[in-house]
Structures are given as C-alpha cells and as structure tokens.
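Here's the structure we're looking at; comments come further down.
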Amino acid sequence: MEPHDLAPVPPSASRPTTMRVRTPGDIAAFVPLAMGFVPQRSVVVVSVGALGGGMHARVDLPHDPDDVDDVVEALLRPARRNGVRDVVVVVYDDETTVADEAAWSVHEEFTAAGIGVREVLRVHDDHWYAVLPGAPLAAYRGVPFTRADHPFTAQAVFEGRVTHASREALRETVAPDAGAVARSLPHLVDAAPLPPGGLTALVRRHVRAGTTLSSTELASVAASVRTGERRDEAWAWLGRADARPAVELWSDAVRRLPATHVAGPAAVLAFAAWLAGDGALAWCAVDRCRESEPTHSLAGLVAQLLESATPPDTWATLQPEVGASGDPAA
C-alpha cells in the first residue's frame, strides 16, 4: 500500500474561522490548508458539511491501475467509520489513465456506500479541471488559480497555520538537524532517567511556558522515555489545549536527537500531533520513530488512531482508560 495520511479535521475551536467553500477554486485552495501541505500524485477526500469537524484523507496515487481498488478502500473505510455523509474528491496529477480511473472509482464506491460526492476535481500545475459531467467546457480544459492569492490562504497565514510545499517538506520539519544532533551527543552518553514524576513535571512546565528543553534536559528525557511505563508521563496527561505547544516542544526534541535515542520522543510527538488534529505531521513522526524501532508500541497506537481517522475530541473519553493502563508497552 502506498503512503497515506488519514486524519480528523479539528473542531471549530482549533480552527477559529469557518471557511465556506462555494466554487471549485475554493476547493483547490482549501485542500492544502486541510492537509498542511500541497499534495502531489495523490487522491484526497475531504468531508463537507460536518458540524464541529469532519475528516480528510490522502492516499498516494498508484502507478498501476490494478492498485486503484486498494486506494478506494483506504479512503472509504475511515469515511464509513466516522459516519461521513458528503465529500469532495481531488486528484492531484496530470491527465493519466490512473488518475481518471481513481477519480471515477472513488466517486462510484462512495456513492454506492451512501456517501454523497459533491464534487470531483483534478488539480495540476495551478489549474483545476472538472471531472463530473455538466460543467462548462472551459472547466475540462483547465481553469487557472493562484493559491497564494486566495482569501483562504491569507486567512490561514493570519491564523498562523503553515502550509508546506509538499509532504516531503513537512517531513523535513522532524528530520534530524546534524549540527543540533552533534551538540546533543556528549550529553546523551551518561544521561540518567528522571525520577518518577519528574518527566511529567518537566514537560508540563515547558509546554505551558512555550519553551524548549536544554541539552541536559533533553538527554534525561530521552533516557526516561525508553520504556512504556515512564513514557506515559510524557503524553497520557496531555489535553487538547496543550497539544499544539507539545507539538512544538517534541518537534524540537526529535530534530536534536540521533536515531539511537529518537524513537520514544518521536512517538510522543506523533501522539501530540494527532491530538492537535495534524494527521500528516503525526504520520511523519510515526515514520521517524519506526525508522529506529519498527514495532514501537506508542507509534503503533497512534497509527491505529490515524488509520481509523479517530477524532481527537474522543481523547476526553479515552484518556481516563489510557491513563490507567498507559502505553501498551508498559
């Protein structure tokens, strides 16, 4: 299966202003904001009309037409699970047989499942193209649009929401910084874990203050999150209000750590990103963790949340149970 990004759309409290999509150009401008990056060779499904949230999902467009059914199933499964009623579909690619087949297959299978498909578009080279019948002839030839000049983009910039140029650019935000890693190495050599309760106190203080870990603190944190029981102190107490500053804290941490020490912090970052409603970043953090520890339990838990497009709002219900049992590795 090709790489994919599935995520719930955060509720209105996380997105201060409602964006009302009225035209195909609005859809083309909105999707990168929902994903956090500009998709390439992708099939994207975004739910519409949901009160308080929804979901979006992206799957890489396959090269082989025989794999289109797998793409459709990967998109349809979370839509059904979340009770999605209406969607728009956007295929990012030039005009290929696979892109056309994917667009129509998603339309057919979603419609058969009782999910309304409001619009299907293809986007390529700053043009959107109509797919469904009934559009003006010019729409099939391609309508130019400039994402940077769209009011949605200006609104997102005003709200401090970053849209990366590609998924690879997003992935680079959690990639190791060679200089920072080199500065961390001496502190990691003999670092001792923090005492019980110390990890929660330290992380909570930095999350609430919006500050980052010192080199000595980072080394102690990395040593503390190696086991599930201690790792719980870093994430099981987090609430929605703490999610975004926690993402900033742990993003900084994983950029400063070598592969030998990054798995635990990357898994915590993945959870914080899911809680913040940033599914694409959460997947990137899961990948960073699994590069070092392919079977890491917390990364596996976050992957399950993402694959099912479980809304972060459900954390209020799940948290007491998780808080009692902790990380599955504990």
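The values are calculated or read from the model by the stated rules, or taken from the named source; none is laboratory data. What you see is a predicted model; the values in this text were computed from it and never measured. Glycine also receives a Cβ, built like all others from the backbone with ideal geometry; neighbour counts cover every protein chain displayed.
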Have a look at LEU318, LEU306 and point out the one that is without any contact (Cβ under 8 Å) to a residue 12 or more places away in the chain and either not basic (Lys, Arg) or not assigned by TED's automatic domain parsing to the domain that holds ASP177 (or both). LEU318
Filter result for the condition that a residue is under 21 Å from LEU298 (Cβ atoms), assigned by TED's automatic domain parsing to the domain that holds HIS296 and free of Cβ contacts under 8 Å to residues at least 60 places away in the same chain, over ALA178, ALA182, ALA223, ALA192: ALA223
Scan segment 176-202 residue by residue and report those that are aliphatic (A, V, I, L, M) and touching a Lys or Arg at 6+ places or on another chain (Cβ under 7 Å). ALA180, VAL181, LEU199
Is it true that ALA263 is at pLDDT 95 or above and touching a His at 6+ places or on another chain (Cβ under 7 Å)? yes
Scan of segment 257-276 for residues that are crowded, with 24+ Cβ neighbours inside 10 Å and in contact (Cβ under 8 Å) with a residue 60 or more places away in the chain, ordered by number: LEU257, HIS261, VAL262, ALA266, LEU269, TRP274
Identify the single condition in (1) polar (S, T, N, Q); (2) over 21 Å from TRP274 (Cα atoms); (3) in contact (Cβ under 8 Å) with a residue 24 or more places away in the chain that SER214 does not satisfy, given that it satisfies every other one. (3)
Considering only residues that are in contact with an Asp or Glu (Cβ under 9 Å, 6 or more places away or on another chain) and hydrophobic (A, V, I, L, M, F, W, C), which ones fall in segment 292-311? LEU298, ALA299, LEU301, LEU306
Quick one: which of GLU119, GLU95 is outside any strand (DSSP E or B) and charged (D, E, K, R)? GLU95
Might you check whether a residue that is farther than 21 Å from PHE37 by Cα, in contact with a Lys or Arg (Cβ under 9 Å, 6 or more places away or on another chain) and either among the polar types (S, T, N, Q) or surrounded by fewer than 18 Cβ atoms within 10 Å (Cβ to Cβ) (or both) occurs anywhere in segment 64-77? no
Unmet criterion (only one of (1) crowded, with 17+ Cβ neighbours inside 10 Å; (2) within 27 Å of the chain's Cα centre (by Cα)) for THR111: (1)
Consider only pairs whose beta carbons are under 8 Å apart and that are at least six residues apart or on different chains; among these, list those whose first residue lies in segment 81-99 and is surrounded by fewer than 20 Cβ atoms within 10 Å (Cβ to Cβ) and whose second residue is among the charged types (D, E, K, R) and in a loop (DSSP other than H, G, I, E, B). ASP93/ARG41; ASP94/ASP125
Spans of helices (runs of 4 or more DSSP H) in segment 133-201 with at least 2 residues under 29 Å from the mean Cα position of the chain (by Cα) and modelled with pLDDT of 95 or more: 178-188
Could you grab me the full set of residues in segment 202-231 that are closer than 14 Å to GLY264 by Cβ, of a type in the set (S, T, N, Q) and in a loop (DSSP other than H, G, I, E, B)? THR227
Among the residues of segment 233-276, how many are among the basic types (Lys, Arg) and out of contact with any helix residue (DSSP H, G or I) (no Cβ under 9 Å at 6 or more places or on another chain)? 0
All positions within segment 37-91 that are aliphatic (A, V, I, L, M) and in a loop (DSSP other than H, G, I, E, B): VAL38, VAL48, ALA50, LEU51, LEU61, VAL84
For ALA234, are the conditions met, namely being in a helix (DSSP H, G or I), under 26 Å from ASP313 (Cβ atoms) and in contact (Cβ under 8 Å) with a residue 24 or more places away in the chain? yes
